[in-house]
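Bear in mind these aren't lab numbers, they're just calculated from the coordinates by the rules spelled out. Keep in mind that what you see is a predicted model, and the values were worked out from it rather than measured. Glycine also receives a Cβ, built like all others from the backbone with ideal geometry; neighbour counts cover every protein chain displayed.
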Amino acid sequence: MKTFSEFVQLNPDYLKTLLLDDLRATDFARLDEKKHVYLDYTGAGLHAAPQVREHTEYLNSDVAGNPHSASPSSMSATSRVERTRNAVLKYFNGTNTYTAIFTLNASAAIKLVAESFPFEDGSQLLLTADNHNSINGIREFARAKGADIKYSPINIPSLRLDHDSMDSNLNLRNETVPNLLAFPAQSNFSGVKHPLDLVQAAQDKGWSVLLDAAAFVPTNRLDLQTVSPDFVALSFYKMFGYPTGVGCLLVRNSSLGMLKRPWFSGGTVNFATVQGQMHVMSPGEAGFEDGTLNFHSIPAVGMGLAYIERIGIEVIQTRVQCLTNWLLHELLEMRHSNGRALVRIYGPTSTAQRGGTVTMNFYDMAGHLLDYRRLEELAGAEGISLRTGCFCNPGAGELAEGLTLEDMRAAAALGSSASLSSFMKLMETRGEKSAGAIRVSLGVASNYSDVVRFLEFAGNLRDQTSLSIGVATFDIDSCRVIRDGS
C-alpha cells in the first residue's frame with residue numbers, strides 16, 4: 001500500500017483540501033476518539049459539532065410556536081422557516097425562478113410530484129434502469145392514471161446511460177399529453193454521474209423532468225440557472241447530517257401550476273368547508289406542505305448550508321475525488337496469491353464522471369462470492385461502517401450482477417415470503433449469483449487514514465475462502481441473529 005507521500009504524488013490536489021483535516025480534528029473529533037471509520041456518506045452525511053451547537057443555542061434562546069397563527073411565537077417560527085427557505089433557494093441559485101417546498105425527505109418530495117403530476121391516458125413516464133426505488137415508485141401513480149411506463153437501459157459494465165436508447169425514447173413522446181422523465185444526477189448504487197445536459201435535451205422535446213439530486217448535492221454544486229429541471233428532490237441529512245427528517249422539492253416556477261394535489265390537509269388550504277364540501281388550496285409552496293412543518297428543525301438546514309458554504313463544496317468534491325481515485329486503484333490491484341482478482345467493482349473504475357460511491361463484491365481464491373453480509377459484520381467488528389444490500393436500487397443491481405428476467409420471475413414466485421435473504425438463497429441455487437453488494441462512500445470528513453483502514457481490511461481477505469470467512473449471523477430482513485456467533 002502506498003504511503004501518504006506516494007498518495008499525494010498521485011493526487012496532488014489533495015493538498016488543496018487540508019482544511020478538512022483541521023475540521024476533522026475539531027468538528028468531527030468523535031470519529032477519531034472512537035477510532036471509527038465512517039464510509040456510508042451516501043446513506044447519510046455526518047453532522048459537524050458546530051451545527052448542533054448553533055441549533056441548540058437557537059432553540060434555547062427563542063420562543064417558537066406552530067407557524068399557523070399570528071402570535072409572537074408563531075411569527076418567530078414563520079420568520080425562521082422563510083429565512084431558511086430563502087437560504088435554500090440562494091444556495092442552489094434558484095431565487096425568483098424556483099419554489100422551495102419542505103418535505104420529510106427526498107422520497108416525500110418525489111411522492112409529491114408522483115401524486116400531483118397530471119398523468120392521463122397516453123402519457124409517458126420514462127425512467128432509467130438506474131433509479132432509487134423512490135423514483136421507481138412513481139410508476140404506480142402513473143399506471144393508475146393510464147400512463148405508459150418505459151425504462152431506458154444502462155450499459156454494462158460501465159452502468160452509464162445508453163444515450164442512443166435514451167434519445168430514441170425521448171423522441172417517442174406523446175405530444176398531446178403531459179410526459180415525465182425522472183433520473184438521478186448521481187447513482188446511489190455505482191456513483192455514476194449521469195449527464196445533466198439530458199435535462200435540457202428532454203425539455204427541448206417537450207418532457208417535464210424530475211431530477212433526483214439526493215446523492216449528487218452532498219459533494220457537487222447544483223446551479224439551477226445552469227441546469228433547470230422542472231422538479232428537484234433532495235434530503236438535507238445527505239448533505240450535512242443534521243437535521244434528519246427535512247427534505248425539499250425544488251419546483252421551477254413555470255412548472256408549479258401543472259401540479260394538482262389529489263387531497264388537502266391542514267396547512268394546505270386557504271378555505272375548507274364541511275357543509276359545502278369544497279376547499280380552496282393555498283397558493284405556492286403552502287399548498288404542498290402538509291400539516292405543521294418541522295419548524296424547530298428547519299432552521300438547522302440554513303445552518304448546515306452555511307457550514308458547507310464556509311468550507312466550499314468544491315473543496316469537498318476535490319477531497320472525495322482524490323480519495324476515490326486512490327481507493328479504486330488500490331482495490332483493482334488486489335490479487336490472491338494465485339493471481340485471481342479479489343475485488344469486483346461495479347461501474348466505472350476511474351473518477352471520470354463518477355462520485356465517491358464505490359460498490360463492489362469480494363471473491364475467494366476459487367472465484368466464489370464471499371458473503372457480503374458477513375463482510376459487513378467483520379468490518380463492523382473493526383469499527384468500519386459501510387453498507388451492504390441492493391441499496392434500494394434494484395435496476396442497477398440486477399444489471400450489474402447479471403440477474404435476468406427469469407431470475408426475477410423466480411423471485412416473484414416466492415410470493416409473500418420474498419425478501420432479500422430468501423432472494424439471496426434462491427440466487428445461490430441459480431449459479432451463485434449475487435443479490436447484493438458492498439458499498440463504501442466518502443464525504444466531508446473522510447481522510448487518508450479512513451481509506452487506509454478499509455484497504456487493510458480488504459487486504460486481509462486475500463487467500464481467504466468462503467468457508468474460512470463464514471456466513472452472516474444477522475438477518476437484514478428481520479434484524480435478528482440467524483445463527484450462533486461462536
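Directionally averaged projected area (the stretch 290-379, Cα convex hull): 9.8 nm².
Legend: P(r) of the stretch 94-196 from all alpha carbon pair distances, 5 Å bins from 0, whole percents, reading 2, 12, 21, 20, 21, 16, 7, 1, 0.
Quick check for me: using +1 on Lys/Arg Cβ and -1 on Asp/Glu Cβ, what's the dipole size of the chain about its Cα centre, in debye to the nearest 20? Provide the component values of the computation, followed by the final result.
Details: 43 positive and 51 negative charges, 43 e Å.
Using Cβ point charges on Lys, Arg, Asp and Glu, the chain gives about 200 debye.
Hey, any idea what the orientation-averaged projected area of the convex hull of the stretch 194-315's Cα atoms comes to, in nm²? Write down the numbers at each step before the final one.
Values: hull surface 37.0 nm².
Quarter of the Cα hull surface area: 9.2 nm².
When the Cα convex hull of the stretch 54-309 is projected onto planes of every orientation, the mean area is 14.5 nm². Projecting the Cα positions of 128, 250, 200 onto the charge dipole of the stretch 54-309 (unit charges on Cβ atoms of Lys, Arg, Asp and Glu, taken about the Cα centre) puts 250 furthest along the positive direction. Computed across the stretch 310-356, the Kirkwood hydrodynamic radius from all distinct Cα-Cα pairs reaches 12.1 Å. Across the stretch 1-91, Cα-Cα distances exceeding 20 Å account for 62% of all pairs.
If eta is 1.567 mPa s and T is 4 °C, what Stokes-Einstein diffusion coefficient results for the stretch 266-421, Kirkwood Rh from Cα pairs, in µm²/s? Could the numbers behind the result be given before it?
Values: Rh = 21.0 Å.
The estimated diffusion coefficient comes to 62 µm²/s.
Report note on the peptides 438-451, 116-129: ranked by the mean count of other C-beta atoms within 10 Å, highest first, their order is 438-451, 116-129. Each of the peptides 213-223, 140-150, 182-192 was scored by the mean count of other Cβ atoms within 10 Å over its residues; in descending order, highest first, they stand as 182-192, 213-223, 140-150. Using just its DSSP H runs of length 4 or more, each adding -39500 (n - 2.57), the chain gives a mean residue ellipticity at 222 nm of -11000 deg cm²/dmol after division by all residues. In a simple Cβ point-charge model (Lys, Arg +1; Asp, Glu -1; nothing else charged), the stretch 38-154 has a dipole of about 140 debye relative to its Cα centre.
Given 2/238; 90/193; 35/111; 34/193; 34/90; 111/193, which pairs have Cα atoms separated by over 28 Å? As for pairs spanning more than 28 Å Cα to Cα, those are 2/238; 35/111; 34/193; 34/90.
For the chain, the share of alpha carbon pairs falling in successive 20 Å distance bins from zero is 22, 53, 24, 1 percent. Using the alpha carbons alone, the radius of gyration of the stretch 26-154 stands to its Kirkwood radius in an Rg to Rh ratio of 1.09.
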